[in-house]
Amino acid sequence: GAVVSQHPSWVICKSGTSVKIECRSLDFQATTMFWYRQFPKQSLMLMATSNEGSKATYEQGVEKDKFLINHASLTLSTLTVTSAHPEDSSFYICSAQGGSVYGYTFGSGTRLTVV
Amino acid sequence: ILNVEQSPQSLHVQEGDSTNFTCSFPSSNFYALHWYRWETAKSPEALFVMTLNGDEKKKGRISATLNTKEGYSYLYIKGSQPEDSATYLCAPLNTDKLIFGTGTRLQVFP
């Protein structure tokens, strides 16, 4: 079946540095990609929706200058956490619209720890 | 903002037991309800997409029902097996966005 490959699966970075997370759709084109964040014991919260070739749409309360999303091709979307701080430590996961009769195909997530 | 509640938060059952979980969501502006199965370190795997009131779907030992008028869905697992251990998420669709519950974490002991 369709796969969304997400990398890295986990990353530890120093406070103040930037981290890039990639989601790549294999065997299908993802016009729209959704980025979620999950804090411990909480649900997956939608951060932003990215459409290929256009600016991402951010949910209320999500800083667009801090979480840069690029969706430059139909198979690749990236999320860059800029100037990361410990409070950005979380689980980030992407979901591509398409690739499945169910409508959405998820990556396997990235555990970010900022020290 | 949609408030999606799942219960119980966690469940421990013996192999062979049948079990069920609940997903509650606002019934207004309903489009569809998705159920996912999520094993640790893997991608969430879609189980069902349900749209019609009274819908009932089945996949092997897993089945789900939907009541859009009162805003709830049940997921049933018959004869649980250790490989059913996972977190089960429900997500109503709000326009084109999935709004997730916190999930029910199921652990099946042999």
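The values are calculated or read from the model by the stated rules, or taken from the named source; none is laboratory data. Keep in mind that what you see is a predicted model, and the values were worked out from it rather than measured. We place every Cβ from the backbone using ideal geometry, glycine too, and count neighbours over all the protein chains shown. Keep in mind that these areas ignore ligands, DNA and RNA; they rest on the heavy atoms of the full protein, side chains included. Shrake-Rupley method; radii C 1.70, N 1.55, O 1.52, S 1.80 Å.
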Q) If Lys and Arg each add +1 and Asp and Glu each add -1, what is the summed charge of the other residues whose beta carbon sits under 11 Å from the beta carbon of residue B:83? A) -1
Q. Arranged from highest to lowest average of other beta-carbon atoms within 10 Å per residue, in what order do the peptides B:96-105, B:65-74 appear?
A. B:96-105, B:65-74
Q: Answer rounded, prolate or oblate for the stretch A:39-115, using the Cα gyration tensor with square roots of eigenvalues a ≥ b ≥ c: rounded when a/c is under 1.5, else prolate when a/b is larger than b/c, else oblate.
A: oblate
Q: Taking 40 Å² as the minimum loss, tell me which residues in the stretch A:30-48 lose that much accessible area going from the chain by itself to the full protein complex (1.4 Å probe).
A: A:36, A:43, A:44
Q: Under 16 Å Cα to Cα from residue B:59, which lysines show up? Leave out anything in the same chain fewer than 8 places away.
A: B:78
Q: Mind listing the lone cysteines of the protein assembly as shown, meaning no other Cys beta-carbon sits under 4.7 Å from theirs?
A: A:13
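Quick one: dipole size for chain B, taken about the Cα centre, charges +1 on Lys/Arg Cβ and -1 on Asp/Glu Cβ, in debye to the nearest 20.
In total the dipole reaches around 140 debye.
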Q: Sort out for me the Cα centre separation of the stretch B:66-91 from the stretch A:70-109, rounded to whole Å.
A: 25
Q. Under unit Cβ charges (Lys, Arg +1; Asp, Glu -1), what dipole magnitude, rounded to 20 debye, does the stretch A:1-101 have relative to its Cα centre?
A. 120
Q: Run down the lysines and flag those whose C-alpha is under 20 Å from the C-alpha of residue A:41, throwing out any fewer than 8 positions away in its chain.
A: B:42
